[in-house]
Each structure stands twice: as structure tokens, then as C-alpha cells.
Amino acid sequence: MEQPAASVAAWEFLVSRRAREEYGIDEAPTHGVDLAGVRLLAERINRHRTAAATPAPPIPAGQLNALRLIEEFLFRLIDGYRRRHGDAVVLDAFGWLEERFAADRVDDALALSVDLYPPNEVYRSGLDAEPYLAAGDARAKRLWSLERMVVLWLVQHNPAASSLADLFDDGELEDASGYRQMMASLRGFFARHPGIRGRVGDDADGDNFFDLLQTPSRERPDSLTAQLELLARVVQQHPEAFGIDPSELGLETMVESLKRGVDVLREEERPFFPGPGGGPPEPAPAEVLTFADLAEDEQRFTEDRDWMPELVLLAKNTLVWLDQLTRAWERPIHRLDEIPDEELDRMAEWGFTGLWLIGIFERSRASERIKQLCGNPEAAASAYSLCAYRVAEELGGDEALETLRKRAWKRRIRLACDMVPNHMGIDSEWLAERPDLFLSLPESPYPNYSFRGPELSTDPRYSLRIEDHYYDRTDAAVVFQRVDRGSGEVRYVYHGNDGTTMPWNDTAQLDYLNPETREAVIEVILDVARRFPVIRFDAAMTLARRHVQRLWYPAPGHGGAIPSRSEHGLPHEEFLRRMPNEFWREVVDRVA
């Protein structure tokens with residue numbers, strides 16, 4: 001068999017010359033470009049679209065990425081077919097077209113396609129199409145250019161890609177050459193040449209290679225998400241249907257990329273952000289998490305001690321309660337050690353055996369500042385955005401707590417507190433001194449994020465800013481900016497998030513894949529447990545391994561909970577290797 005011609009260029013995303021010039025696209029994405037590069041391209045396009053005299057809707061980066069993946073997959077299939085059967089098959093396609101449409105017309109269409117949809121090499125150098133096609137390995141360039149025309153025709157006939165059509169509109173090429181009829185005729189050509197084996201898609205017979213190329217748009221015409229899901233499933237479950245050696249095409253890697261593409265689209269489809277007028281988004285459909293394809297975890301429960309099932313707990317928002325006591329007793333009661341014995345006597349008489357003090361630890365000053373800047377001038381900092389696990393000085397500190405603890409225990413009342421192990425306050429001591437404990441990126445995950453708002457740090461060592469659009473409620477960024485004033489290092493730290501609504505913009509997310517983070521949190525829990533026999537853990541479920549992975553390191557095909565995290569996911573086996581034990585099992589064993 002004749003050896004295939006060498007590739008003249010890596011795969012490139014098809015972009016028309018008109019779109020390149022209108023949107024300032026000097027370099028079309030090629031194989032290996034990551035999602036960050038696609039987001040930058042989408043941001044560049046959207047700046048021009050929204051600034052136009054007649055503004056056009058922005059292009060979601062996930063859709064652009066999905067079309068990029070579909071195009072790359074089509075090029076891979078064509079390349080695999082050519083490698084399997086030799087260049088002679090594709091060269092025969094030129095003969096087929098010339099017999100039906102005349103050689104000059106075919107050549108003109110080929111040259112015009114290179115001119116209207118220039119490869120990066122042509123666009124950068126300013127080469128005309130005909131000299132480009134004639135120079136060097138002319139045969140290889142003709143083959144590659146024909147493949148690009150086929151993919152252009154396929155994309156143009158993909159209804160799900162219509163929102164991106166101005167990037168590759170083929171009206172001018174069609175008017176000048178009638179290329180659509182040429183490309184459509186290739187189905188008859190492939191009917192006479194080696195086909196594929198097996199079934200592809202839900203309803204296709206899978207005999208004709210040209211039909212295989214149309215599978216995504218034919219089987220799932222209305223959704224890029226569904227097209228990626230279809231391609232990933234077919235390749236993963238039925239690679240033999242392609243009649244191509246999977247290892248030659250690197251299909252395992254491609255399946256992961258397709259699944260990641262689906263995850264990114266799911267991230268964009270979740271209603272995280274306020275709608276027009278700043279109101280809340282419409283409620284999302286309830287999501288039922290099954291984890292059916294994840295390994296079954298061992299159930300290891302710890303027996304309750306005798307007093308635990310008998311506990312009767314009274315919850316008190318500490319600041320509110322002290323204010324109520326001040327009014328009731330007509331004297332200042334601002335500290336824990338100033339709570340009257342009579343109040344504790346009354347609790348005991350009513351049968352309470354536990355007092356849950358909500359919000360006693362030192363709170364984030366930045367949390368209070370954010371709430372005030374967002375329009376609530378009398379707001380206090382959140383009880384779940386903490387600076388450190390010390391009893392707040394305004395409540396009398398640890399000394400006042402110890403006094404209250406002894407007085408309460410005389411009445412057989414145990415003290416309880418809250419802990420928030422999922423995250424810390426945006427300006428916590430750990431963020432200042434141990435920033436590696438938090439989940440962060442060296443670059444902003446979205447190019448449209450800006451951080452020019454008020455300074456939130458009172459520590460001279462570093463600067464803190466949340467994303468600007470929080471202040472006018474037009475966006476809810478997943479990260480904030482931390483700048484080390486000494487080294488100049490910039491980190492984009494994720495806000496705390498449980499994947500249900502918007503990020504908590506006064507918090508910083510701890511990274512539980514980091515063993516140093518897990519150990520640091522366990523040490524704090526042990527310290528708090530020495531002071532409080534009862535601890536209520538806020539958002540405890542987010543620290544189960546399956547939820548840590550689902551939210552922050554999703555396996556391919558399981559992303560979508562937290563925007564931008566799909567591209568940082570891990571295969572399930574790798575995740576378990578890096579987080580081998582359940583965090584809560586480790587906590588219970590250490591406390592016991």
C-alpha cells in the first residue's frame with residue numbers, strides 16, 4: 001500500500017478570513033490548545049460582538065470548545081481513514097470530483113477555500129492560495145486542503161453550531177464555487193471505497209465512511225453537548241465500529257477530552273448568576289447524585305457514647321442572644337462570662353443539657369467590609385467566614401469561654417460550637433501565612449474577570465480583592481485575587497462553594513487533596529474538641545471524598561458543579577491515590 005503523505009500542519013480550527021479580521025484572530029486554535037486558550041479567544045470575539053453597532057449575543061467558551069473538539073475529531077477520523085487505506089483513496093476523490101465538476105472548477109474551489117479560510121501559516125505570511133498550494137509538498141497540501149473543505153461542509157451542516165456560524169460562514173465560497181454540491185457528492189464516492197464495520201450512532205447502519213463523519217449532526221442535531229456525549233460513548237464502548245486502530249488515533253485521550261468538553265458545557269448551563277435586573281436566577285432542576293459508577297466505600301460507623309443520644313441542645317446566635325440579655329437585664333452583657341447564672345439555671349430547669357453557641361470565633365473583617373460595600377451598612381461579618389478558631393475578643397476571648405464552661409457544667413450543660421472545615425474567611429490567618437493550603441490558580445480562570453475594586457486586606461503583607469462584578473451583582477466569580485506585596489506573586493483563590501448556588505464571596509476554599517491541608521484542619525478540630533465536647537460541622541458533606549472530587553477534581557464526564565473546575569479534574573483512580581482515606585474517618589479515629 002502506498003504510504004500516506006506527511007501532514008503539512010497540525011489540526012487547526014476553521015475560521016474564515018473575514019472572522020479573523022473582524023475579531024482580530026491572528027492565530028486559530030490548533031491541536032493541544034487548552035481551554036484557557038479557547039476562553040481567551042471567546043473573550044476576544046465577545047468584546048467585538050458586544051461593541052458592534054448592532055450587538056450580537058456573546059459566544060460561550062464552552063460552545064466554542066465543543067465545536068473545536070468536534071472538528072478535531074472529524075480531522076482525526078479522516079486522517080485515520082487516510083492512513084489506513086493510503087493517500088490513493090483521497091487522491092481518487094479528486095478524480096471523482098473532476099469527472100463531475102471539471103478539474104478547473106475543483107482547483108478554483110480548493111484555492112478559494114484556502115484564501116477564504118486561511119491556515120495560520122497562510123494568514124501570518126500573507127501568502128496567496130495558489131503559490132501556497134504549489135510550494136513544497138504540493139500533494140500533501142492539496143490533500144489537507146480537501147480535508148478542510150470536507151470538515152467545513154460538515155460543520156456548516158451542523159444545526160447545533162448555528163450560533164457560531166459567523167466564524168465559518170460559507171456563503172461566499174458557495175456563491176463563487178458551488179462547493180456544497182461537490183462535498184455532498186462524496187457520499188457516492190465513499191460508497192465505492194472501503195467502508196467501516198459495525199454500528200455508529202442510534203440509527204445509522206455504519207457502512208459508509210461519509211455517513212460516519214455526519215454522525216454527530218445527524219444523530220444529535222440540536223445540541224453540541226449531546227454530540228460530544230454521543231462521540232465519547234461510541235468511541236469508548238464501540239471502538240471497533242470505526243474500523244480504525246484506537247491506539248493509532250489516541251482515542252482514549254480523545255474520549256477524555258470529549259467528556260471534559262461536556263463538563264464545561266454543563267458548567268455554563270448551570271444558573272449560577274443573577275439575571276437581568278440583578279434578581280435571582282430561576283431555580284435549577286433538582287440534581288440527583290447517584291455515584292453509581294464510583295467504587296463503593298466501606299461503612300465504618302463509630303458508636304455513640306451514652307450521653308450523646310440523650311443530648312438536648314439549645315441553639316443561640318451568640319451576638320443576638322447577648323443583645324437580648326442586655327435588654328432583659330437592663331445592663332451591658334457583651335461577654336460570655338457576663339451571662340447571668342439565672343439564665344443557665346433556667347436552661348437546666350427546662351431540661352436542656354447542651355448550649356450551642358453560634359458565631360463565637362474570630363470572624364473575618366473582610367466579610368463585614370464586603371457586606372457593607374454591597375449595600376448593607378449595618379451588617380456584621382458572617383459567622384461562617386472565620387479569621388481563626390479563637391474566641392472573639394469582643395466576647396471575652398478564651399478566658400471568658402472557660403469561665404462560662406465551668407459554670408454551665410455545674411448544671412450538667414455541655415457547650416457546643418460550630419466549625420467550618422470546608423473553608424476559611426477570605427482574610428484568615430492561614431491565607432496570610434499558609435496560602436498553599438487553599439485551592440488556587442496562578443492565572444484567572446476566566447479572562448473577563450477584573451479585580452480593581454476596594455482593597456479588603458488590612459495586612460500589609462498582601463492585597464485582597466474580590467471580582468468587580470460582585471459589587472453590581474452582574475456576576476458571581478468563583479475566585480478572588482491575592483497578591484503578595486513582597487514577592488509580587490498573584491494567586492486566584494477559589495471561594496468556598498458547595499455546588500448548590502453561588503460561591504460564598506467572603507470565604508476561601510481549602511484544598512483537601514493537599515495532605516498538609518487535611519492535617520492542619522484535623523489539628524484545629526482536635527484543639528476545638530478539647531474546649532467543646534459537642535461540635536457542629538457546617539457543610540460537613542462537602543468533605544466526603546466523593547464530594548471533594550465531584551466539586552473540585554471531577555473525573556471526565558462528571559464535572560459541571562463548579563465553573564472552571566472540569567479542566568482541573570482527575571481520573572477516579574488518581575484521585576483515590578492522592579486522597580486514600582475518608583477525611584471524617586481520619587478525624588474520628590484521631591479524636592477517639
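Numbers for the structure displayed
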item	result
Euclidean distance between Cα centres, the stretch 480-537 to the stretch 306-372, Å	25
DSSP-loop trypsin sites (Lys or Arg not before Pro) across the stretch 163-197, with at most 10 other Cβ within 10 angstrom	Arg192
Computed [θ] at 222 nm, deg cm²/dmol, the chain (DSSP H ≥ 4; -39,500 (n - 2.57); rounded to nearest 500)	-13500 deg cm²/dmol
Longest DSSP-loop-exposure-free segment, GluC sites (Glu not before Pro), the chain, at most 11 other Cβ within 10 Å	3-286
Relative contact order [Cα under 8 Å, 6+ residues apart], the stretch 62-269, whole percent	26
Net charge of Cβ neighbours under 13 Å - reference Asp107; Lys, Arg +1; Asp, Glu -1	-2
Ranked list, fewest to most other Cβ atoms within 10 Å of each Cβ, for Met183, Met541, Met502	Met541, Met502, Met183
Value of relative contact order over the stretch 436-592, rounded to a whole percent, pairs C-alpha under 8 Å and six or more apart	17
Loop trypsin sites (Lys or Arg not before Pro), the stretch 443-513 (other Cβ atoms within 10 Å of the site Cβ: 13 or fewer; DSSP)	Arg452, Arg461, Arg485
Sorted by Cβ density within 10 Å, fewest first, the residues Val479, Val89, Val155, Val528	Val528, Val89, Val155, Val479
Relative contact order (%) - the stretch 381-427, alpha-carbon pairs under 8 angstrom, separation at least six	57
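Just so you know, all these numbers are worked out from the coordinates, no wet-lab data involved. Only a predicted model underlies this, so the values are computations on that prediction, with no experimental measurement involved. Methodologically, a virtual Cβ is constructed for each residue, glycine included, from the backbone with ideal geometry; neighbour enumeration extends over all protein chains shown.
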